[in-house]
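**Student:** One structure is given below, represented as structure tokens, and several questions about it will come after.
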């Protein structure tokens with residue numbers, strides 16, 4: 001076990017309401033993983049899934065198959081419902097990456113809402129949903145729908161399921177052992193949540209962004225896309241007073257990049273008290 005994971009275990013013991021399953025660390029050229037509970041090795045990382053969808057968008061951009069100024073309805077033109085709110089003609093890939101939509105907070109959240117109420121056609125359900133009246137003044141609202149739409153865009157432009165696209169261009173090239181995604185009733189990857197993956201394979205995504213798009217000498221993403229993600233805050237946002245970049249998920253999931261110490265850490269668990277970001281950001 002690494003020194004960081006040893007000390008994280010000690011820190012964890014002092015947090016009576018925390019509940020970790022696994023933690024992993026990349027540092028000094030090595031990945032280490034530690035189990036905190038006797039449970040399945042693949043866990044739902046909830047909204048950390050969105051960082052993988054951002055990466056899929058970047059892979060498409062690097063391949064010349066997509067650009068962020070493109071409009072949602074232009075990309076999905078032949079899959080749109082017969083009628084939809086024309087507002088969606090104004091929404092770009094960039095808007096979706098920033099959660100700039102007129103949808104109400106938490107829309108299409110399969111983890112917290114009764115997904116059976118969405119019907120079988122999530123695209124039509126989303127594009128015909130009632131919109132917020134204050135959108136012009138407040139363009140940001142956090143929804144899983146934004147990333148479901150991005151998943152549909154990835155599928156359209158790649159010609160394969162979003163999950164299969166990530167297997168081909170991210171998971172296989174980095175040696176991920178297992179990964180599985182939740183899908184909507186029509187078989188499309190949800191995109192916003194529902195990625196089941198090992199903690200050490202979460203860390204591999206962080207390594208790519210930490211090292212400018214390169215994983216163990218192999219270029220996965222362009223430096224341009226990595227810089228764009230970190231500058232614009234496409235899910236991997238500056239945290240801990242600029243010491244790190246991180247993306248969290250419901251019930252205490254986290255992926256963190258700490259450039260100053262050339263470290264990536266990830267943890268999985270089941271408690272909103274799983275906040276070890278300051279500990280990790282300040283670890284020598």
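The values are calculated or read from the model by the stated rules, or taken from the named source; none is laboratory data. Small disclaimer: the values here were computed from a predicted structure and weren't measured. Neighbour counts are summed over all protein chains in view; Cβ atoms, including those assigned to glycine, are modelled from backbone coordinates with ideal geometry.
**Student:** Quick check, is residue 66 assigned to a loop (DSSP other than H, G, I, E, B) and either outside the structural domain of residue 112 (by TED's automatic domain parsing) or surrounded by 18 or more Cβ atoms within 10 Å (Cβ to Cβ) (or both)?
**Tutor:** Numbers: assigned to a loop (DSSP other than H, G, I, E, B): yes; either outside the structural domain of residue 112 (by TED's automatic domain parsing) or surrounded by 18 or more Cβ atoms within 10 Å (Cβ to Cβ) (or both): yes.
In short, yes.
**Student:** Could we say that residue 7 is assigned by TED's automatic domain parsing to the domain that holds residue 219 and on the phi < 0 side of the Ramachandran plot here?
**Tutor:** Yes: the conditions hold for residue 7.
**Student:** Sticking with this structure for a sec: Determine whether residue 177 is over 24 Å from residue 153 (Cβ atoms), touching a helix residue (DSSP H, G or I) at 6+ places or on another chain (Cβ under 7 Å) and outside the structural domain of residue 35 (by TED's automatic domain parsing).
**Tutor:** Here the answer is yes, as residue 177 does meet what is asked.
**Student:** As an exercise: evaluate residue 245 against (1) free of Cβ contacts under 8 Å to residues at least 40 places away in the same chain; (2) in the same structural domain as residue 110 (by TED's automatic domain parsing); (3) under 15 Å from the mean Cα position of the chain (by Cα) and give the number of the one condition it does not meet.
**Tutor:** For residue 245, the failing item is (2).
**Student:** Right, residue 193: under 28 Å from residue 110 (Cβ atoms) and in contact with a strand residue (DSSP E or B) (Cβ under 7 Å, 6 or more places away or on another chain) or not?
**Tutor:** No, not satisfied.
**Student:** In this structure, is residue 59 in the same structural domain as residue 151 (by TED's automatic domain parsing) and either free of Cβ contacts under 8 Å to residues at least 24 places away in the same chain or assigned to a loop (DSSP other than H, G, I, E, B) (or both)?
**Tutor:** no
**Student:** Restricting the search to region 38-48, which residues are touching a residue at least 60 places away in the same chain (Cβ under 8 Å) and either surrounded by fewer than 19 Cβ atoms within 10 Å (Cβ to Cβ) or in contact with a helix residue (DSSP H, G or I) (Cβ under 8 Å, 6 or more places away or on another chain) (or both)?
**Tutor:** So in region 38-48, the residues touching a residue at least 60 places away in the same chain (Cβ under 8 Å) come out as 41-48.
Passing the criteria: 41, 42, 43, 45, 48.
**Student:** Shifting gears a bit: Could you please find all residues in region 75-103 being free of Cβ contacts under 8 Å to residues at least 60 places away in the same chain, closer than 21 Å to residue 65 by Cβ and not in a helix (DSSP H, G or I)?
**Tutor:** 80, 91, 92
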